[in-house]
Structure formats: C-alpha cells, structure tokens
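Since every read-out is calculated from the coordinates, none of them should be taken as a lab result. Since the structure is predicted, the reported quantities are computational estimates derived from the model, not experimental observations. Here the Cβ positions follow ideal geometry from the backbone for every residue, glycine too, while neighbour counts run over all protein chains shown.
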Amino acid sequence: MTADPETTLRADARRNRDQILAAAKSIFAVSGPEVPMEEIARAAGVGVGTLYRRFPDRDALVRAVAMDNFERVLVDARAIAAEETSPWRALERLLRQSVELQLSIQLAMVSHRALVILKGDPEVRRLRDEILEVVDDFVRGAQAEGKLRPDVGAGDIAILFATLLRQVRAKAPDVAEMAARRCVGIMIDGLSARPGTELPGRPITSHDLDPAEDHA
C-alpha cells in the first residue's frame, strides 16, 4: 500500500523541524543565538529555504528552541521531584543532569537577545516560572533539611549555574563536558550547608530574575 502523500509530507516537515531544532540547540549551547542561520541549516542537513519556511526569522527559532528546552526541563524537574524523597538530592540531581537545563538557563538569563525575544512571550514565561517554582521548592526543602546553606536563593543558584557553564570552553567536546561536570560538582560542594564565607547582600530569589522587570 502506498503511503498517503499528505502524511509523508507531514512526517518530512516534522523531521526537518526536529533536525533544525537539534542543530540550533547544539550550536546555541556553544556560541549563543547570534550564529548565522546558514550555519544552523548546514548543521541540520537542510537548505536555508527549508529553515526559513519552518522559522521565518531568528527570533522564531530562538523562541522554538527555548520552548522545547523549557518543556523538557520542566518534565525532568517534576520527575525528579516525584522520585526523590530528599530535596537536596533532587536539587543536586537537577543541577547535574541535562544539557537542556544549561541551554535554557543561558537563553533565559545570559543572552541579551534571547531576553528581549522571550520576556514578552506568555508561554515562555509560564514555563520558565513553573521551572523556577520547582527549583524554589527544592531550595526551601534542602534548607529545611539542613543540607543547603541558608544564605542562598533559587536565583543565586540559577545565576551561578549559568555563569559557570557559559565559561566552559575546550577544543575537544569530551573535555568541555568533563569540565562542566567538574565545575558543577565544585558548585554543589560550595552550596552544601557548612561553615563558610559569609555572602554579601541577601539571597537572590527567582523574582529577581523576572525578565519582565527592568533591572537597569
């Protein structure tokens, strides 16, 4: 039996979209969202015309990547919350686990262009806020356990994680991955509750990261 041409076209379109998103995620994670669209199309194995048919401009592609990653992170965070009885272990596991988390935080909090694109989008904001709610729960629970130092907030953790991973650069991908994992390990060690250097100011909360507010 011959496949329905319309079904085949839909499958091809979906495959092209998935390939473009996968390529954009990989490139954005290394170079940020300002890379040439032609480079993304080349990495995805599609023509530039195909890329622009799926995503009419860079802003649409950045939004699609952010939406896809936020959705994945939210699913992961909720699964961790359901599986772990210790909020500290849940927070530690979330920090260690996914490239999606790294890219989402970079897109949401580090890239100025992405901030401009995403801050007015209600769906992106909803997903971002739901992720931060889960992280807030982990933070409060871990502090109640006595495992997380009491003078940090979810915003501190998000900013530290984003800044740390953005600085990781290496010629070989395996070295970069190893470096990222080592840095996250050092970060987790520094977050654990024990006598240490007193931090200036106050804990940074998830509300301090609200892109809808002007902190300039």
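Along the chain, counting only trypsin sites (Lys or Arg not before Pro) with a DSSP assignment other than H, G, I, E or B and at most 13 other Cβ atoms inside a 10 Å radius, the longest segment between sites is 1-168. The Rg/Rh ratio for the range 10-56, using Cα coordinates for both the radius of gyration and the Kirkwood hydrodynamic radius, is 0.95. Here the simple spin-label model places points 7 Å from the Cα toward Cβ, and for residue 7 and residue 31 these points are separated by 3.9 nm. Panel values: the range 30-92, Kirkwood radius from alpha carbon pairs, Stokes-Einstein at 37 °C and 0.692 mPa s, translational diffusion coefficient 234 µm²/s. Distant-in-sequence amide contacts of residue 148, defined by a placed amide H-H separation under 5 Å and a gap of 5 or more residues or a different chain, comprise 143, 193. For the range 129-139, backbone phi angles converted through the Karplus equation (6.51, -1.76, 1.60; θ = phi - 60°) give residue-by-residue couplings of 5, 5, 5, 5, 4, 5, 4, 4, 4, 4, 5 Hz, Gly and Pro being listed as x.
Across the range 182-192, rounded Karplus estimates of 3J(HN,Hα) from the backbone phi angles (6.51 cos²θ - 1.76 cosθ + 1.60, θ = phi - 60°) give 5, 5, 5, x, 5, 4, 4, 4, x, 7, 5 Hz, Gly and Pro being marked x.
When every alpha-carbon pair in the chain is counted, what percent end up more than 32 Å apart? Result for the distance tail: 24 percent.
Seen from residue 113, the other residues with C-beta closer than 13 Å to its C-beta sum to a net charge of 0, counting Lys and Arg as +1 and Asp and Glu as -1. Along the chain, counting only GluC sites (Glu not before Pro) with a DSSP assignment other than H, G, I, E or B and at most 16 other Cβ atoms inside a 10 Å radius, the longest segment between sites is 35-197.
Report the charge-dipole magnitude of the range 10-56 in Debye, nearest 20, computed about the Cα centre from +1 at each Lys and Arg Cβ and -1 at each Asp and Glu Cβ. Walk me through the numbers before you get to the answer.
On the way: 8 positive and 5 negative charges, 63 e Å.
Dipole about the Cα centre, nearest 20: 300 debye.
Mind checking the dipole of the chain: about its Cα centre, +1 per Lys or Arg Cβ, -1 per Asp or Glu Cβ, Debye to the nearest 20? Before the final figure, lay out the partial values.
Values: 30 positive and 34 negative charges, 119 e Å.
It works out to roughly 580 debye.
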